[in-house]
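Accompanying notes for the structure given below.
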Amino acid sequence: MGMGKTGFCYPGAERLIYASSFLLLILLTFSTVVHTEGSQPHTPQCRIQKCTTDFVSLTSHLNAAADGFDTEFCKALRAYSACTQRTAKSCRGNLVFHSAVLGISDLMGQHNCSKDGPTSPTHPETPVEPCNYHSRHQQHQQASWLGGGRGGAGGGGTVRPPNYLFCGLFGDPHLRTFKDHFQTCKVEGAWPLIDNNYLSVQVTNVPVVTGSSATATNKVTIIFKPYQECTDQKVYQAVTDDLPAAFVDGTISGGDGETKSLWVIEKSSGHHVEIHAAYIGVTVIVRQVGRYLTLAARVPEEMAMAYDDETQDLQLCVNGCPSSERIDRDGHLPLPLQEQAGMRHHHHHNHNHNHHHNHPHPQHQQQYQQQHQQLPRPHAQRVIYSLEAAMAKCREQLEMKDIYFHSCVFDLLTTGDANFTTAAYDALRDMKALHPKKEHWHIYPHSGAPRGPETLLRPLSLLLCTLLTVLLW
């Protein structure tokens with residue numbers, strides 16, 4: 001007895017599969033185009049693309065020659081139909097949606113599918129890892145989508161990645177807050193960077209040079225608070241010349257043996273440690289450069305903002321330094337001056353912020369050289385840098401004259417310690433590794449200098465380009 005074409009168990013099956021594939025290809029193509037161009041008025045909320053994608057994922061593995069093909073195919077069609085019904089209101093007038101509804105009806109007729117009956121799960125069950133923040137986040141968004149929430153709005157029901165925040169501290173010390181505000185502060189003693197329901201980070205800062213208000217970090221304490229069955233409380237503490245590759249209890253991880261929810265990685269012995277807390281989606285980098293420590297942290301926004309009102313004002317990463325502790329003035333870093341027996345910080349708007357020039361104004365350069373030739377040498381190994389020499393030293397590792405470069409210059413002039421150049425460079429590297437938004441990586445100080453012709457012409461040229469683009473379109 002003839003079997004017909006290989007792989008198909010009854011006459012006409014090949015035609016139906018080809019027809020189904022052709023229909024789905026058309027729907028996915030149109031759905032992608034419409035979603036991308038936004039030509040349909042209801043497309044941002046219409047989730048027909050997600051319905052179609054789910055149907056493809058439920059049927060792509062089915063074999064028409066296998067037993068039970070029609071049963072599983074009909075389950076997927078009923079799930080597809082139910083999905084279109086849930087999104088019908090927001091898809092009113094959407095051509096792709098109405099084409100899908102007609103296509104489903106046609107396929108159900110061809111396969112003799114009843115409208116009532118079991119359905120395949122719209123979202124194939126993915127095991128949720130309770131001690132993995134990303135897994136919980138994905139489950140929450142899928143649940144919001146199924147419940148008609150706005151978790152997938154604007155993305156056709158797709159799962160959006162978490163929104164991360166970055167905070168960093170380095171140098172004398174320079175603070176980059178969760179809001180990407182950059183500050184230079186005194187903050188001598190113990191200060192909290194982060195203090196929420198899941199994580200506490202505290203730093204201790206000590207004076208760097210006798211007579212200067214600048215300080216640097218010589219101790220970091222990180223407390224990972226208990227979370228369900230994922231981990232007990234774990235404390236990590238680093239001090240100058242002791243950057244351990246373990247928590248204070250001697251362990252290198254948290255959680256049970258099968259679920260690794262929290263762990264310490266030593267990248268460079270005594271110099272670079274990373275701590276990953278998968279259960280809350282947090283990564284912390286601690287380094288020792290020279291005699292002082294640097295810190296960089298990436299935290300999901302929902303975790304970073306989960307704190308009591310009482311602790312809000314005490315978190316430097318959230319609100320920055322108190323005004324009384326600020327050394328910078330609205331982004332300007334004052335350079336240290338000689339005054340009687342000691343040094344103090346004096347506000348000066350003397351930074352050169354023109355990206356096309358590598359040297360400051362000659363008059364400013366001479367002024368700063370005279371100032372810093374008189375600075376006392378606090379330690380024998382430290383060097384007295386002129387402004388030009390400090391800028392040249394910082395340019396060895398920092399190409400762009402952003403706030404990290406200016407912080408490097410400030411630190412060299414303040415301390416004479418070349419290790420602060422490496423600290424600024426490492427802080428920039430860690431920021432790039434952890435900060436989620438590349439367009440926010442580089443921050444430039446505000447310039448108090450008058451605008452030059454190039455600065456004034458730049459907005460005008462952009463406007464002219466925009467007008468030409470519109471006219472030539």
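The values are calculated or read from the model by the stated rules, or taken from the named source; none is laboratory data. In this text the structure is predicted, and so the values were computed from the model without any measurement. Note that we place each Cβ from the backbone using ideal geometry, even for glycine, and neighbour counts take in every protein chain shown. Note: areas computed on protein heavy atoms with side chains; ligands, DNA, RNA excluded. Shrake-Rupley method; radii C 1.70, N 1.55, O 1.52, S 1.80 Å.
Less than 5 angstrom separates the built amide H of residue 282 from those of 277, all sequence-distant by 5 or more or on a different chain.
For residue 440 and residue 61, the difference between the fully extended length at 0.36 nm per residue and the C-alpha to C-alpha distance is 132.2 nm. Cα centroids of segment 176-238 and segment 263-294: 13 Å apart. Between residue 235 and residue 110, the modelled label-to-label distance comes to 6.8 nm, taking each label 7 Å out from Cα in the direction of the beta carbon. What the phi angles of segment 61-72 give under the Karplus curve with 6.51, -1.76 and 1.60, with θ = phi - 60°, is a coupling list of 8, 6, 10, 4, 8, 7, 5, x, 4, 4, 4, 5 Hz, glycine and proline written as x. For residue 71 and residue 181, the difference between the fully extended length at 0.36 nm per residue and the C-alpha to C-alpha distance is 33.7 nm.
Per residue, segment 195-311 exposes 42 Å² of accessible surface when a 1.4 Å probe is rolled over the protein heavy atoms with every protein chain present. If R0 is 25 Å, the Cβ-Cβ spacing of residue 249 and residue 271 corresponds to a FRET efficiency of close to 0.65.
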